Ligand code: NAI
């Protein structure tokens, strides 16, 4: 198929002599939503993006027109399903960020979103596999523990899967952990650098406070762990039925996208972000797992091990694994059902 042979804009630039064109085409799918709009705004500020391509089932022409007046150098285009909009949005993309899908309401778990979001993510992944098979895919849509395996299975079926280019965005858990610890320890957020591993829902979120360099009381560890695992619920409750985290998520999504751009476009070394990827860390038990990952020109460069943990944290991992296993199996089964 012609489209699947389209090369990405970075690949094209390898043949270009213009240094100033060294930037990427990035698509946001779900760009009109609560996360999509502020995320697109933050990405519009990146010098490493030449073309910001916004796709949603509604409203992207307006969002794109608005953002296109900001005087940073990237071009902004808006696409809806009409007139092959998804193809236009995706062809030539280096990075695709997916915040499309419904958010939680009070009392819902992320898994409660599965029925609606699984098919949205499957269909968008299918389009990515067809129109930009080499792009890095960043999945924000929940439940991340299942939607990432869904994208993997769709890409496998299309014969274009590259595990190094598929990421579940778990950055918000690390952003929250840093903020919450900085409040408790009265330090800056730069000093509160907290590793969070596992997945992205409730007990699958595993903060490794023992690796932070701070001394915590037992009560602090329990309270902080619970708050990091269920911090999303604070926002869902406060928003009172109107959605979940959007602004902090846009910040976290932009942080991850910018880190990947630095690695892919600028070729910077040693950039490490936590992310939910196909991982050998607990290979026998779970195929996908978040740990710190070094990013490189081809996506995943090096997956860091869990490192030294204490008995409490081992207990958290033991609780996370069965749930993660179920979430991953559910995503895979959804794509592979007859
Ligand atoms: P929202 O409802 O405000 O926006 C979602 C957007 O997706 C809407 O504009 C909608 O039109 C669009 N959409 C729906 N179906 C689509 C399709 N087939 N193609 C393209 N666009 C489509 O929701 P919000 O708050 O932006 O959340 C989006 C997702 O992100 C939710 O699943 C939410 O649970 C998840 N999320 C993930 C977090 C993470 O840490 N990974 C944190 C917070 C939310």
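From the largest down, the chain spans 57, 48, 40 angstrom on the principal axes of its Cα atoms.
Each label point was placed 7 Å from the Cα along the Cα-to-Cβ direction; for residue 302 and residue 185 their separation is 2.4 nm. For the stretch 62-105, the pair-distance distribution built from all alpha carbon pairs, in bins 10 Å wide starting at 0, is 22, 46, 28, 4 percent.
Taking 258, 73, 327 in turn, the Gaussian network model of the chain (Cα-Cα springs below 10 Å) assigns the largest fluctuation to 73.
Note on the stretch 49-71 and the stretch 295-330: Cα centroid distance 35 Å, given to the nearest whole angstrom.
Panel values: the stretch 87-151, Kirkwood radius from alpha carbon pairs, Stokes-Einstein at 20 °C and 1.002 mPa s, translational diffusion coefficient 177 µm²/s. Mind checking which of 286, 28, 169 has the largest fluctuation in a GNM of the chain, springs on alpha carbons under 10 Å? Taking springs between Cα atoms under 10 Å, the residue moving most is 286. Taking Cα atoms only, the orientation of helix 114-131 departs from the longest principal axis of the chain by about 40 degrees.
Largest GNM mean-square fluctuation across 172, 54, 247, computed for the chain with C-alpha springs under 10 Å, falls on 247.
Take every DSSP beta bridge whose two residues both sit in the chain; close to 45 percent of them are antiparallel.
The C-alpha atoms of the chain define a longest principal axis, and helix 218-239 lies at about 40 degrees to it. For residue 87 and residue 318, a Förster radius of 35 Å and the Cβ-Cβ distance give a FRET efficiency of 0.15, rounded to the nearest 0.05.
In plain terms, the C-alpha convex hull of the stretch 21-168 casts an average shadow of 8.6 nm² when viewed from every direction. Under 18 Å from a label point set 7 Å out along the Cα-to-Cβ vector of residue 219, the amide N atoms of the stretch 165-198 belong to 181, 183-186.
Diffusion coefficient of the stretch 171-330 by Stokes-Einstein, Kirkwood radius over Cα pairs, 37 °C, 0.692 mPa s: 200 µm²/s. Compared with the dominant principal axis of the Cα atoms in the chain, helix 247-264 is inclined by about 70°.
Listed from fewest to most Cβ neighbours within 10 Å, the set 153, 234, 262, 218 follows the order 218, 234, 262, 153. Footprinting exposure proxy ranking of 194, 86, fewest other C-beta atoms within 10 angstrom first, gives 86, 194.
Read the figures in this text as sums done on the coordinates, not as results from a lab. Small disclaimer: the values here were computed from a predicted structure and weren't measured. With ideal geometry, Cβ positions are generated from the backbone for all residues, glycine too; neighbour counts draw on all protein chains shown.
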